[in-house]
Amino acid sequence: MSTSPWPPPPPLIGALLRVPAQAIHRRIIDGLNAAGFEELRLPHIAVLQFPGPDGVRPTTLAERAGISKQAMNQLLRSLEAVGYIARLEGEEDRRSRAVRLTKRGRAAYLKIADILRDVEREWSAELGAKPFAELKALLARVWESPLTWPDVRKRRDGRARKPLSEE
């Protein structure tokens with residue numbers, strides 16, 4: 001017998017953020033596929049999400065996406081095989097590898113921005129311009145909050161990492 005309350009309580013913040021994010025991810029993939037980037041699937045969002053993979057190490061991409069290094073490397077291999085990225089030796093450390101978008105990868109990344117601008121216009125029309133602007137402003141505050149980045153911002157040795165915008 002279930003001990004869950006019925007009817008279920010209203011959704012909490014996790015669901016309120018997750019469900020729209022998942023809808024946006026599906027929209028991105030559908031738009032990319034329709035635009036000729038047929039090889040891209042939902043898991044590839046982990047690589048192509050803002051701020052993008054160009055010049056970033058696979059380990060950092062895995063941390064951003066919240067997945068294992070092995071899972072990230074599998075995604076990178078699949079994107080490399082179909083021509084969206086290349087993995088090159090790091091400029092400072094020859095043992096490290098950096099991800100670079102190819103011409104096709106840059107085109108897909110630019111298409112993602114177009115799709116997201118369409119989503120923003122639609123959501124603004126649905127919610128109203130002022131409420132949508134307020135939503136974006138509040139989400140930007142959450143984005144910048146140390147509550148959002150506590151685990152990603154600390155290295156294993158306890159020292160702080162650079163902000164994501166500086167990586």
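The values are calculated or read from the model by the stated rules, or taken from the named source; none is laboratory data. The structure displayed is predicted, hence computed values, not measured ones. Using ideal geometry, Cβ is built from the backbone for each residue, glycine included, and neighbour counts are taken over all protein chains shown.
Quick rundown of the values:
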{"quantity": "Residue identified as at pLDDT below 95 and over 16 Å from Leu116 (Cα atoms) among Glu63, Glu38", "calculated": "Glu63"}
{"quantity": "Segment 55-75 - residue that is part of a loop (DSSP other than H, G, I, E, B) and under 13 Å from the mean Cα position of the chain (by Cα) and, of those, surrounded by the most Cβ atoms within 10 Å (Cβ to Cβ)", "calculated": "Ile67"}
{"quantity": "Hey, Pro8 outside any helix (DSSP H, G or I), closer than 29 Å to Val142 by Cβ and not aromatic (Phe, Trp, Tyr) or not", "calculated": "yes"}
{"quantity": "Filtered residues of segment 79-89 (kept if in contact (Cβ under 8 Å) with a residue 24 or more places away in the chain and over 17 Å from Gly52 (Cβ atoms))", "calculated": "Val82"}
{"quantity": "Matching option when the condition is closer than 30 Å to Glu134 by Cβ and free of Cβ contacts under 8 Å to residues at least 24 places away in the same chain, among Arg27, Arg18", "calculated": "Arg18"}
{"quantity": "Residue within segment 18-29 that is over 24 Å from Val142 (Cα atoms) and either of a type in the set (Ser, Thr, Tyr) or not in a helix (DSSP H, G or I) (or both) present", "calculated": "no"}
{"quantity": "Residue that is surrounded by the fewest Cβ atoms within 10 Å (Cβ to Cβ) [pool: residues in segment 1-54 that are within 16 Å of Met72 (Cβ to Cβ) and among the β-branched types (Val, Ile, Thr)]", "calculated": "Ile45"}
{"quantity": "Qualifying residue in segment 89-99 (condition: at pLDDT below 95, assigned to a loop (DSSP other than H, G, I, E, B) and not charged (D, E, K, R))", "calculated": "yes"}
{"quantity": "Hey, Ala113 surrounded by fewer than 16 Cβ atoms within 10 Å (Cβ to Cβ) and under 15 Å from the mean Cα position of the chain (by Cα) or not", "calculated": "yes"}
{"quantity": "Filter pass, Leu79 being in a helix (DSSP H, G or I) and hydrophobic (A, V, I, L, M, F, W, C)", "calculated": "yes"}
{"quantity": "Pairs where the first residue, in segment 140-153, is under 20 Å from Ile67 (Cα atoms) and surrounded by 10 or more Cβ atoms within 10 Å (Cβ to Cβ) and the second is at pLDDT below 90 and among the charged types (D, E, K, R), C-beta under 6 Å, 6+ apart", "calculated": "Arg153/Arg161"}
